[in-house]
Structures are given as C-alpha cells and as structure tokens.
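In what follows, a structure is listed as structure tokens, so that the remarks can point back to it.
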Number of protein chains: 4
Amino acid sequence: MPHNDLDALKLRLRQFAKERDWDQFHSPKNLSMALSAEVAEIVEHFQWLTEEQSKTLPAEKLAEVEQELADTFVYLIRLADKLNIDLLAAADKKIKSNEEKYPAEKVRGSAKKYTEYE
Amino acid sequence: MPHNDLDALKLRLRQFAKERDWDQFHSPKNLSMALSAEVAEIVEHFQWLTEEQSKTLPAEKLAEVEQELADTFVYLIRLADKLNIDLLAAADKKIKSNEEKYPAEKVRGSAKKYTEYE
Amino acid sequence: MPHNDLDALKLRLRQFAKERDWDQFHSPKNLSMALSAEVAEIVEHFQWLTEEQSKTLPAEKLAEVEQELADTFVYLIRLADKLNIDLLAAADKKIKSNEEKYPAEKVRGSAKKYTEYE
Amino acid sequence: MPHNDLDALKLRLRQFAKERDWDQFHSPKNLSMALSAEVAEIVEHFQWLTEEQSKTLPAEKLAEVEQELADTFVYLIRLADKLNIDLLAAADKKIKSNEEKYPAEKVRGSAKKYTEYE
C-alpha cells in the first residue's frame, strides 16, 4: 500500500515502465537528461516574457506549462525512485537546512543580499 | 490545514519566502530559471559516469545528489504554487494521457520504438 | 593548418583531450550533458536579476560570466567536432533559413508576433 | 569590416535582430534562457541513446542535431555580443587556464581523476 500521494505516483510510474519494458532506458544518467529536457520546455515558455507577463499566462499557455510541470514531476519522481531517495524527506531536510542558513532577520528584503546568499 | 504532504510543503515554502521578503524574486520566469539551474547540478553529477556507474553511486555522492533533487523539488513546488497548478492532479492527468498514447502492447521492449514514440 | 580561428580552437581542444586521455569520456551524449551544465551556470548568474540588471553586470560578475561562456563555447566546439559538424557552415545555413522563415516586414516590432513565430 | 568568421556572424545576427526590432527581447537574461532551451534540444536527442549510439547517429537525426547546434551557437554569439565578451579571446584564456589546472602528466587516463578534477 502506498503511504502517501507521492508514493502512489511512484508505484504507478514503476508499473507504467515495467509494462512497456522501458526500465532498461531509465538509468539515473538518462533520467537526469530527460528531466533537464522537460524543465527546458518550461523555460522556453517564459524566455521572451517579462516577469510580469509570466505571472498572468493566458489560459491556453498555462495549460501547456501545466503539462511540462507534470512531465518534470514525473521524471523527478522516477529518478528519485531509481536512486532510492525519499523526495519528501529530502525536501524536509533541505528546507530545515535553508532555514538555518538564511535566518529571516538577517537576509530580509534585499535583492542584493538574496543574490549573495543564494 | 494542508490536505496532503505536498500541500504541506507548499505552505512551508510560502512561509519561508514571506518571512524573508523573497516573494518579489519568485516570478514564474525567475523560478523556471532556478529550477533549470538545479536540475543541471544533477546532470553534472552524472555527465562523465557510465549508465551503470550512475546506478551505484558512492554514498557521499548520493548524498549530494539527494540535495540537488531536494532543491529541484522545492523549486518545482514553488513554481507550481505561483502558477496555481496542482502538481498531483497534473501528474495524474499526464500519466493517464501517456497510458493512452503509449499502449503497452504496442511499444513494449524496443529502444527504437521508445525513442520514436517519445 | 587550421583554416580559421574556430578550426584552430578545435585542434587545440583535440590535443588537450588527447594528452590527458580524456577522449574516452567525450561521447556526444556526455558532451551534451557537460554543455547543458555549463549553460546552466550562465543562467544561474541571471536568475534573480531583472532584465535591466542583466545588461549592466558589475565587473566581477561579468568576469565570471565570461568564463562560463568560454566553457560553453569549448564544449560546443568539442561536441561539433565529435559529430563532424562544421559550426560556421551550420550557423550560416540556419541564419539563412531564419531569414526566410521570419521576413522582417512581416514580424517586425511585436512581442506577440515574436513569441508566436519563435 | 569583420575581423574573422565569428565577428562576421555577430554582425549578421545584429542586423537580423535590428531589422525585426527584436533587440528589445534580447536582454542577457532572456538570451541565457533561450540558449539553455536550445541546448536541451540537443540533450533530448541523446537522452535514451547509449554513448556508443550517440557516436553514430543516423543521417536524418544528425541533420536535426546539426540544426540544434547551430541554434545554440547563434544564441551564444548573440549573448556574448550583448555582454561585450570576445568569445575567441575568452576561450583562449580558459584553455590556457585549464592547461595549468590539469597538467597532462598528473591527470592522464583515469576516469576517477577526471571526475575529481572536473
């Protein structure tokens, strides 16, 4: 039984690959490439827009971006599965570490600070 | 109240950005760039490895890759939030569409077919 | 004898890889990954900047971006060499094709058109 | 008068953008995104291929990859132009620095060393 939604997706994607005998192509190396190609399709949607325009996409374009986000998510889950990485736990750990690294009172509000601390 | 783990992460990340006044930098355009930069750090770990080596990373390297996956996940959740996209629903829809697009009995087992259908 | 500056760089990079016995790592697949990782380092410099800020980088940051552009150029030349592609001829052909695809009088001046035609 | 082939391409691309009034979209930030999207199209061609397969592309696929390399080259030249960076000089400087950083006798032949020194 899946423990949560992410787990459920992971199992479905395993099944999907298994039924098609596509596991042979899903080395972490290859999946990292597929992941980066999907993210680039998101970038492509935004490359000539201003930041403001990127906040208010027309419905049709938003629907396309949604599909690219879904593809990215799918490959990220698949890659994490192949490496036995628990995405939720990893994100939790990373956010905690970021909270210590960038204390709110120290970094607040300045673009310059943001860039430097990044 | 968050409805699930992903929702909980989304709310935590909102709070994190708000406390630091970093929302101003988080346009979808900028977040798509940050997402692609994080994914590239995953790619960098695998670029000189064989596919086989990418499956059996030494523990230290795996821990680094785990952090890059976490960063990628965090920016993906953040970008989806800014666009009001529900990642779980989008992935569900995409997998269903892929199941129809690539029927198992039709595409099974052939690298050539896999590449063409991709 | 190299026929032009690009040719000269290509031969130097061949020699560089040969002397270090690194040719074995330079499959087109791997080089495409290295190329994308270098480009992401350029993107990283710009991700939190406004478009205006990206036009007037401080000297120190510009020097860093220059190095990332050099790395990108080096891997692009190397990848083209491995695929026996003549970059200058390919670019010439592409620009000619773009000139026909986007006639100036038809596409001039409109962001909307630019995006659509892209 | 252009001083070399790269210079000539740079001037042609300037003219191309000017005639279409597209300069307004070509901030370094935007061009870095376009560059990364083009490179991802190269990566996409190689993602499911083995390293060996990537060395011997069928003619049709090679022609497609050639176009993606041309697009990448075009955006790289354009970005360098906008930042007043001389690509040939930058590459020359980078290669010299790499020659010192990775002395042939020290790094030769070992994948492990290659990865570490990278």
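The values are calculated or read from the model by the stated rules, or taken from the named source; none is laboratory data. These numbers come from a predicted model, not from an experiment. Ideal geometry is used to build each Cβ from the backbone, glycine not excepted, and the neighbour counts take in all protein chains shown. Only protein heavy atoms, including side chains, enter the accessible area calculation; ligands, DNA and RNA are left aside. Shrake-Rupley method; radii C 1.70, N 1.55, O 1.52, S 1.80 Å.
Computed quantities for the displayed model
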{"item": "Lone qualifier among B:Phe73, B:Phe25 - being more than 23 Å from C:Thr72 (Cα to Cα), open to solvent by less than 50 Å² (accessible area, probe 1.4 Å) and facing chain C (nearest Cβ under 9 Å)", "result": "B:Phe25"}
{"item": "Flag if A:Tyr114 is at pLDDT below 95, aromatic (Phe, Trp, Tyr) and in a helix (DSSP H, G or I)", "result": "yes"}
{"item": "Flag if B:Leu49 is surrounded by 17 or more Cβ atoms within 10 Å (Cβ to Cβ) and within 16 Å of the chain's Cα centre (by Cα)", "result": "no"}
{"item": "Residue match in the range A:78-94 (condition: modelled with pLDDT of 95 or more, over 15 Å from the mean Cα position of the chain (by Cα) and among the hydrophobic types (A, V, I, L, M, F, W, C))", "result": "yes"}
{"item": "Residue in the range A:94-111 that is open to solvent by 20 Å² or more (accessible area, probe 1.4 Å), more than 14 Å from chain D (Cβ to nearest Cβ) and in contact (Cβ under 8 Å) with a residue 40 or more places away in the chain present", "result": "no"}
{"item": "Hits in the range C:1-22 - residues which are more than 18 Å from the chain's Cα centre (by Cα), hydrophobic (A, V, I, L, M, F, W, C) and open to solvent by less than 60 Å² (accessible area, probe 1.4 Å)", "result": "C:Phe16, C:Ala17, C:Trp22"}
{"item": "All positions within the range A:47-70 that are hydrophobic (A, V, I, L, M, F, W, C), at the interface with chain B (Cβ under 8 Å from one of its Cβ atoms) and more than 30 Å from C:Glu52 (Cβ to Cβ)", "result": "A:Ala70"}
{"item": "Flag for C:Ser36 being under 16 Å from the mean Cα position of the chain (by Cα), in contact (Cβ under 8 Å) with a residue 40 or more places away in the chain and within 26 Å of B:Tyr75 (Cβ to Cβ)", "result": "no"}
{"item": "Selection count where residues are more than 19 Å from A:Ala90 (Cα to Cα) and either crowded, with 24+ Cβ neighbours inside 10 Å or within 8 Å of chain A (Cβ to nearest Cβ) (or both), scope the range B:76-86", "result": "3"}
{"item": "Residue match in the range C:53-70 (condition: crowded, with 22+ Cβ neighbours inside 10 Å, touching a His at 6+ places or on another chain (Cβ under 7 Å) and of a type in the set (A, V, I, L, M))", "result": "yes"}
